[in-house]
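Student: Please see the structure below; I have some questions.
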Amino acid sequence: MIMDVRLILLFLLLLFASESLANEEIVEKDEDFSEALLLRPLPDRKVLAHFHFQSRLPPTNLHGRHHHLFPKSIFQLVQKFHLREMELSFTQGRWNYERWGGYDPIASSNAKPPGVELWAVFDVPQHQVDAHWKNLTHALSGLFCASINFLEHSTTYATPEWSFRSSGGNLKYGTLPREAVCTENLTPWLKLLPCRDKAGLSALMNRPSIYRGYYHSQRLHLMSNEFDSNGLSSGIVLDQTLTIVLQPNILGTGGVFSSGSTLQPSWSLSSLFGRKVGGRCVLSKSSNVYVQLDQNLVSELQKVGKENEGSHHDISENFWSDPSFEMSVPPDKKIREVESLDSGGSSILYEFSVENYSDSKPFDLGFRWKVPLVWSCQQAPLSVSRYLMGSGNERGSIAISLKSNRMSHRMKNVDNNAGECWLRVDLFQVVPWYVKVYYHTLKIFIDEELQSMADTVEKIRVSPSEDKGLPGVMEMTLRLPCGVRSAALTLEFDKGFLHIDEYPPDANQGFDIPSAVVVFGDFETSMHLADDDSLNKIPLLSKLRDNNRVLAYTEVLLVPLTTPDFSMPYNVITITCTVFALYFGSLLNALRRRVGEERRLLKSKASKKTSQLSLLLPKLFAKLRRKSWEPPNQSSSSSSFNYKLIVKVLLVAGLAVVWQYYSS
Amino acid sequence: MAEISEAPAPSCQNDKKSDQPSDPSSDFDPETMRRTKPGLKRLILTLSVLFSFLLGLPFLLKSVEIYRSPLPFTDIDSLSAAVESSPILFPCHFHAVFVNFPATSSSSSGNELGFSIHSRMRKLFPENETPVCGSCNNNFSVSVTLDGSTLLNDFTYDRNLENFDEIWDDHLNSVLNKDSYTVVVVNREDVEEVRAVVGKHRHAWIEGRILKEDEPELLERIAEIFVKVFVNGGKEEGSIHGEFMPVGADGRVVLSFNLLNADPRDWVYDWDFQWIEEILLAPIVETLRPLADVSVESQVLYHTPKSSFSYWDDKLTSHVFSTKDLPFFVNSNEWHLDTSTAAGGRSKILQFVVYIPSSRECPLLLQLPNEEFSPTNGFISPMWGGVVVWNPPACLNVSESTHPHRQMISPKAMKKVFEIFTGQLRQLFGLKSDSFFAGASGTSILLASERGFTEWELDVLSRQHTCFNLLQCATTLGSLSRLVQSLPRMIIMDEIGKQVKFSLEAAKLTLRNASLGIYDAASVCSRQARSLAEDAFYHPSMMSVSYYSFEHCFAVYSPFFLPVSLHVLLAVLREWKRYKQEQKKYLAWTNVKI
C-alpha cells in the first residue's frame, strides 16, 4: 500500500515536473530583454545605482541564428569561441567594502578589481583552450575599444582550478589593473542594448555624471550552454550591469538636527544623473526602478518609527512619506524580504514601474530624509587588505591580512562536529613572473601568533612562475577558527630584472600585482524574497535571490622595480667605442713614433728659444710641489716634454671633473 | 697626436745631422738629402693596419646583415608586364541553329552563313581599341547547324502556353550543347512578329516568320546577341566597372542584412529571416559560389534615424527625400551596422538595409532627379551595399499607443523587398536588372532567373572576376617588389617568399586555364593568386616599422669607426708622405754622389 502511494506520488511529481518544464519552454521560446535600476542609499552619504540589463536567447538549434534583440556580435563571439561562460568587467575606483557593504548580492557580484577583469570558460578540448583565449582577447579588445589583447600573452593569464570558481580546467582568468576606463568602453557596451542609451533606463547614463562617481564598474556576463553534448540547451543569457556610487548634490534641506547628527543628503534621479527617465525602452519586457533599504537601515527605521508612533502618517499629494523619509512618487509595490532565521532584519524594496511615463511626463524619483540616521552596511565575515613590506629594489614581501568584523553572522555549513567551529577562506593570487615569490616562505599568523601550515592550510596549489613564460599562481584554502580576530599571510619575493624591451612606457611608476580574490566559501548571500512568480520574471530580482558566494578583492599592489637608464645601451656603445678608438689611436701612434727624431727636434727648438708660456706651467707645478724649479736644461728636454703632456692631460681632466661636479 | 704630427716635416733637418755627423762630403746638404734608404717598417705597419681593417669590413657587414628571403623579382616583373600589356581574353564558341528553314530557302551553305556571322561579330567588337579585359578573344569560332529540326523532337511547340518561354528554355537547355553559346532561329509561318528571347542558360532564340530578304538583318541580330549579350553581359557604358567587384581579397563576401526601425516607439517590425534565408537567399548564394564564398547574417536595430531631413509634399501626402541628399541618408553614427567575426581578415561586407521610417516621416519616398519617384524606393552605394525604404502599411493611421507590439513584415512585402535587394546585388556586381535588352537591330527579352543570376551572366562575371583578380595580384606583387627593393634593410621572412612563389604559380595557372577556356578553374586560381599576394603584402612582419635601418646601424658603429678610421687613415697618409719625401732626399743624395 505504501509502495502504491509512493508510486502515485512519484507519478504526480513527474507529471507536475514535465508540465512545468513545458511551461518554461513556452516562456523561453522567444528572445527577451529587460531592464532594471536599483538605487540604494549608502551609509556614507552616497547613493549606489545599479543598472541591470538582461538579454536572453533561446537555443540556436530550435530558434535559428537570426535574432531581433540579442546583439549579433555577442552571438558570433559565443559561436566562434565556444564560450560556456564569460565575464568582462571594466572598473574604475575601488569598492569600499567597509562602508558600502561586503555581504550583499550586489557587492559580492559587482564589486570588481580596478581595471579590466576577464575570465572565460570554454567548451573546447583542453589543448585548444589557450588558442581560443588568445583569439577571444583580440576579439573583445576590438569590440570594447580596450587593450584586452594584452591578456593574450601567457604571462598575463592564469588557470585557477578551484579557488576562484570550480571548472574543469577550461577557465582562464586575467586582469589588467592599469586599464583606464572611460566612455570609449561604455559606448560599445551600450551598443549591445537594443535601445542603446536612446530610451529607457539607460537614458540616465549621462557621461559626465556617471564618470564623476566614486566607483564605476561596467560588467558583461555571458552564460551559454549551446554546446552541451546532451542537447539540453537553454540558450544564451547576457547580463550587463553598470554599478556606480554617486555623491548626491546636497539639496537645500540638509540641516543639523538637535542631536548634532546631520541629515543624510536627499537626492533625486535628476540630481544624481542630470537626466530623467522618459519612459521605458519599448523593447524591454519589464522596466522597473527599485529603491532598496538594507537590513540595518530598516531596523534603524523601525526604531525611529516606534518613537514617532502616533504622529502624523500622511500621504501628501506629491510625496509618499514614511516617518523618516519621503519619496516623490508612490511606489507601485513594496517588497519585503521574508524574515529568515539567520538574519537580523529584512530589507525592503520599493518598486516603481516606468511603464506609464513618457517624454512629456518623465519619471523623476526624489528621495528625502526627514530624520538623521546612522547605520552601517552588512560586512563580510572578514575584511581583507593586502600590502607590501620591505624596502629597496631587491626584495620585499606581500602580506595579506584578514580582520574579523565581529559580525553576528550565523555560520552556515560550518564544521560543527566535536565542538569546533572553522571558517574556510579560499585565496586566489596571481603574481607576475618578475615578482619571484618564494612560496616556501609562506607564514601564517593567527591572532598575531605564528601557526604551522598543517594546522591552518586545508588545501594549497602553487604553480611557480616561469621567467617570461608563466605567472605565479597560488590557490589556497585556509581553515581559521571561528573566533579568530585577525589572520595574516606573508610571502617573500625577489624582484626580477626585465629585459630593456619589456619595460612598459612609464616604467618608473612601478608594476602592478593584480588583486587577490578572497572567497568565503562557507557563506552565501541572497535576498530572501517571497517565492512569487511575478518576482521571478524580473531578472534583477531573481539575480538578487540567487545564492551568491561572498567574495572580496584586495587592493592592487604597486611594486617598484629597478628601472634602467633607458639610454644606457647607447651610452655603453658610445663609451666602449671611444675607449677602443683611443686605444687603437694611441697604439698606432706609439708604433710609428720616432723617439730619436723627436728628441733631436726638441733639442733644436730649445736651443732657439724657450717660450715663457711653456715654462710657466712647470714652474707652477713645481711650486705646488714645493720644489725649487730649475729651468729645463738641454739634456732633460725630452723628459720635460712628456711631463708637460701629462700635466696638460691632467689639467683638462681636472677641469672636466670640476665642470661635471658643478653642472650636476 | 698633435705633438707627433708636428714631428715629421721639420725633423728632416736634424735627422741627417745625427745620422751623418762626421760626413766629410762637402756637397751633402742635410736639408734635402740623406745617405741611407728611407725605412719601410712604419709604412708597412700602418698599411697593414689599414688593410686588416679593410679586410675586416666585409665580415662586419656580413655579421650585421639581416635575413631577406630571395624574392623572384624577375618573375613578378614579367607577370605584371604580361598582364598589363595584353588583357586576358578567353576563347569562346558560338553556335547558330536554324530550324524550319527549307533547304532551298537558305541561299548559302552553313559555312558561308557562319563566316558572315563571324565577320559581322568582328565589326561589333571595337576595332582599334584594346579589348576589355575578360571578354572573348578575337579568334572565336562560329559554327552553324542548318537543319536543327531535331530540336523540336519530343516537344510540343505551343506558343499559347502561359509559360511557354520557360518551358522552351528548359527544353533547349536539355538538348543543346552547353559548352558554346547558341542562338536558335525558329522559322514560324504562323507568327507575324519576330521575337528574340535570351534564356537563363547559355542560349537564346529568335522565332517568327523570317523571309529570305530579312536574312542579313537576322544575321546582324544573331551577331549582336552573341557579342552584346553573351560576351559583354548586356552592359552599357556607365554601369559599374568590373574592377569594383564587391568580393574581398580572400574571395569572401558577407551579406549583412539589417532591419532598421527608425523609432520603435511608433512601431516595431520584425522579419522572419530564417525563412528569407532559406527560401529567397539560398539559391543566390549557391549561384554565386564559383565567384565568391558568400555568407549571410542579419540583425534588427532600433532607434536608427536617418541623418538628413525629408520634406512633406501635400499633393502626394507623403514625405519626399530627394536624390541629391542621398549621401546623407546613411547615418553612420546611429546605424551600428557592425562588422562581424565572419568577416575577419580582408573579406568584404555588403550591407543591405531595410529602413522603416518613423511615423513623423511616413510614408517616405525617394525622388529621382527627374522629379519622378523611385519605383524601388531604394538606392545602392557601390562597394558598400544597398538601402530600401519600406513604408509600413499602417503608416497614416498611427495608433497613439505608447507600447507598440512587435509586428511581422508580411512574406509578400518581404519578397518584394528581397527582389529589390537581388536587383541591387546584381547592380553591385555590375549587371543590369532590366528585363529586356535594346540593341541596334531590335529588342530582345531577357529571361530572369529565379536564382538571381543567369548562367551566361555568371560566365561574364566569372571572366571579369578572373581578370580583375589577376590584375590585382600583379599590382600587389609589383608594389611588394618595389617596396622590398626600396627598403634594403627590411627583414623578409621565408613565409613571404613562399607566398609570393605560390601566388605566382597560381597566377600562371590562371593564365593557362584562361587560355584553355576553363572558366571555373581560372576563377578559383585567380582568387588564390590574389589572396596569396595580399597575404604576402600584408604579412605582419612587413608591417612592422622597426626594421633595422641604416641610420640605426650608423649610429651604433660610428662612435668606433669614425675615430679609429681617422687615426688609421691619417697615419697611413703621414707615413706615405714622409716616405716619399725621404725617398726624394735619398735620390738627391745618390744623384750628387754620382
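FYI, it's all coordinate maths here, none of it is from the lab. Owing to the predicted nature of the structure, the values given are computational and were not obtained by experimental measurement. Don't worry about glycine lacking a Cβ; one is built from the backbone with ideal geometry, like all the others, and counts go over all protein chains shown.
Student: Do any GluC sites (Glu not before Pro) in segment B:311-393 lie in a DSSP loop with no more than 11 other beta carbon atoms within 10 Å, and if so, which? Before the final figure, lay out the partial values.
Tutor: Details: sites: B:GLU334, B:GLU361, B:GLU371, B:GLU372; in loops: B:GLU334, B:GLU371, B:GLU372.
Here the GluC sites (Glu not before Pro) that fit, given the DSSP loop and packing criteria, are B:GLU371, B:GLU372.
Student: Rounded to the nearest 500, what is chain B's calculated 222 nm mean residue ellipticity when only DSSP H runs of at least 4 contribute -39500 (n - 2.57) each, over all residues?
Tutor: Working: 14 runs with 236 residues, N = 594.
Value at 222 nm, helices only, nearest 500: -13500 deg cm²/dmol.
Student: Hey, another quick one. Take the Cα of B:GLU278, step 7 Å along the line toward its Cβ, and report every residue of segment A:59-101 whose backbone nitrogen sits under 19 Å from that point.
Tutor: The answer is A:59-68, whose backbone nitrogens lie closer than 19 Å to the label point.
Student: What is the spin-label model distance, in nm, from A:ARG549 to A:ASP30 if the labels are put 7 Å beyond Cα along the C-beta direction?
Tutor: Inter-label distance under the simple model: 3.8 nm.
Student: Which angle between 0 and 90 degrees, to the nearest 10, do you get for helix B:41-63 versus the longest principal axis of chain B when only C-alpha atoms count?
Tutor: So the inclination is approximately 20 degrees.
Student: Moving to a separate point now. Would you please give the FRET efficiency between A:TYR503 and B:GLU65, computed as 1/(1 + (r/R0)^6) with r the Cβ-Cβ distance and R0 = 30 Å, to the nearest 0.05?
Tutor: Working: r = 29 Å, r/R0 = 0.96.
So, using R0 = 30 Å, E works out to roughly 0.55.
Student: Between segment B:163-198 and segment A:546-585, how many Å separate their Cα centres?
Tutor: If we compute the Cα centre of each part, the gap is 81 Å.
Student: Which value in nm describes the separation of the simple spin-label points at B:ALA438 and A:ARG275, placed 7 Å from the Cα toward the beta carbon?
Tutor: 5.4 nm
Student: Let me ask something else. Segment B:461-500 to segment A:40-108: how many Å between their Cα centroids?
Tutor: 46 Å
Student: HN-Hα J couplings of segment B:80-92 from phi, Karplus 6.51/-1.76/1.60, θ = phi - 60°, integer Hz, Gly and Pro as x?
Tutor: Listing the rounded values in order: 5, 5, 5, 6, 7, 6, 10, x, 6, 10, 10, x, 10 Hz.
Student: What's the FRET efficiency of B:ASP29 with A:HIS153 using the Cβ-Cβ distance as r and R₀ = 60 Å, to the nearest 0.05?
Tutor: Details: r = 82 Å, r/R0 = 1.37.
Calculated transfer efficiency: 0.15.
Student: Would you work out if segment A:416-539 is rounded, prolate or oblate? Take a ≥ b ≥ c from the square roots of the eigenvalues of the alpha-carbon gyration tensor; rounded if a/c is under 1.5, else prolate when a/b is larger than b/c, oblate otherwise.
Tutor: Details: a/c = 2.97, a/b = 1.41, b/c = 2.11.
Verdict is oblate for segment A:416-539.
Student: Just for segment B:246-428, what percent of DSSP beta bridges are antiparallel, to the closest 5? Let's see the in-between values first.
Tutor: Numbers: 8 of 39 bridges.
Taking every DSSP beta bridge with both residues in segment B:246-428, the antiparallel ones total about 20 percent.
Student: Then there is this: HN-Hα J couplings of segment B:511-519 from phi, Karplus 6.51/-1.76/1.60, θ = phi - 60°, integer Hz, Gly and Pro as x?
Tutor: Those phi angles translate into 4, 5, 4, 5, 5, 8, x, 8, 5 Hz.
Student: Hey, which of these cross-link pairs are over 29 Å Cα-Cα: A:LYS468/B:LYS501; A:LYS172/A:LYS459; A:LYS46/A:LYS306?
Tutor: Details: A:LYS468/B:LYS501 36 Å; A:LYS172/A:LYS459 21 Å; A:LYS46/A:LYS306 26 Å.
Going by Cα-Cα distance, A:LYS468/B:LYS501 fall outside the 29 Å limit.
Student: Continuing with the same structure: To the nearest 10 degrees, how steeply does helix B:455-486 sit against the main Cα axis of chain B, on a 0 to 90 scale?
Tutor: Tilt relative to chain B: about 10 degrees.
Student: May I ask you to compute the full-extension gain from B:LYS315 to B:VAL556, defined as 0.36 nm times their residue separation minus their alpha-carbon distance, rounded to one decimal in nm? Walk me through the numbers before you get to the answer.
Tutor: Numbers: separation 241, 0.36 × 241 = 86.76 nm, distance 7.97 nm.
Result: 78.8 nm gained on full extension.
Student: Can I ask one more? Using +1 at the C-beta of Lys and Arg and -1 at the C-beta of Asp and Glu, which of B:SER481, B:TRP390, B:VAL229 has the Cα lying farthest in the positive direction of the dipole of chain B?
Tutor: So the residue we want is B:SER481.
Student: Pairs to check: A:LYS112/A:LYS276; B:LYS123/B:LYS235; A:LYS603/B:LYS37; A:LYS72/B:LYS348. Give those whose C-alpha atoms are more than 21 Å from each other in this structure.
Tutor: With Cα atoms farther than 21 Å apart: A:LYS112/A:LYS276; A:LYS603/B:LYS37.
Student: So if each residue of separation counts as 0.36 nm, and I subtract the Cα-Cα distance between B:LEU55 and B:SER374, what length gain in nm does that give? Intermediate values should be presented prior to the final figure.
Tutor: On the way: separation 319, 0.36 × 319 = 114.84 nm, distance 7.97 nm.
That pair, B:LEU55 and B:SER374, stretches by 106.9 nm at full extension.
Student: Quick one: check the C-alpha center-to-center distance for segment A:360-376 versus segment B:518-594, whole angstrom.
Tutor: Segment A:360-376 and segment B:518-594 have Cα centres spaced 78 Å from each other.
Student: Regarding chain B, what whole-number volume in Å³ per residue does the convex hull of its Cα atoms give?
Tutor: Values: hull volume 161.7 nm³, N = 594.
Normalising the Cα hull of chain B by residue number yields 272 Å³.
Student: Follow-up. When only DSSP loop residues count, what trypsin sites (Lys or Arg not before Pro) in segment B:466-556 have their Cβ near at most 15 other Cβ atoms within 10 Å?
Tutor: Details: sites: B:ARG482, B:ARG489, B:LYS498, B:LYS501, B:LYS508, B:ARG512, B:ARG527, B:ARG530; in loops: B:ARG489.
Counting only loop positions with at most 15 other Cβ atoms within 10 Å, the trypsin sites (Lys or Arg not before Pro) in segment B:466-556 are B:ARG489.
Student: Given the options B:PHE53, B:THR466, B:ALA204, identify the residue whose Cα lies farthest towards the positive end of the charge dipole of chain B (+1 on Cβ of Lys, Arg; -1 on Cβ of Asp, Glu).
Tutor: Final value for the positive-end residue is B:PHE53.
Student: Can you find, among A:GLY469, A:HIS440, A:GLY510, the residue farthest towards the positive end of the dipole of segment A:382-526? Put +1 on the C-beta of Lys and Arg, -1 on that of Asp and Glu.
Tutor: Result: A:HIS440, furthest along the dipole toward the positive end.
Student: Between B:GLU162 and A:GLN302, with labels modelled 7 Å along Cα→Cβ, what's the label distance in nm to one decimal, could you check?
Tutor: My value for the distance between the label points is 8.0 nm.
Student: Apply 1/(1 + (r/R0)^6) to the Cβ-Cβ distance of A:SER385 and A:ALA131, taking R0 = 35 Å, and write down the FRET efficiency to the nearest 0.05.
Tutor: 0.40
Student: Oh, and also: Where does segment B:27-124 land on the Kirkwood hydrodynamic radius, alpha-carbon pairs, in angstrom?
Tutor: One over the average 1/r among Cα pairs gives 24.0 Å for segment B:27-124.
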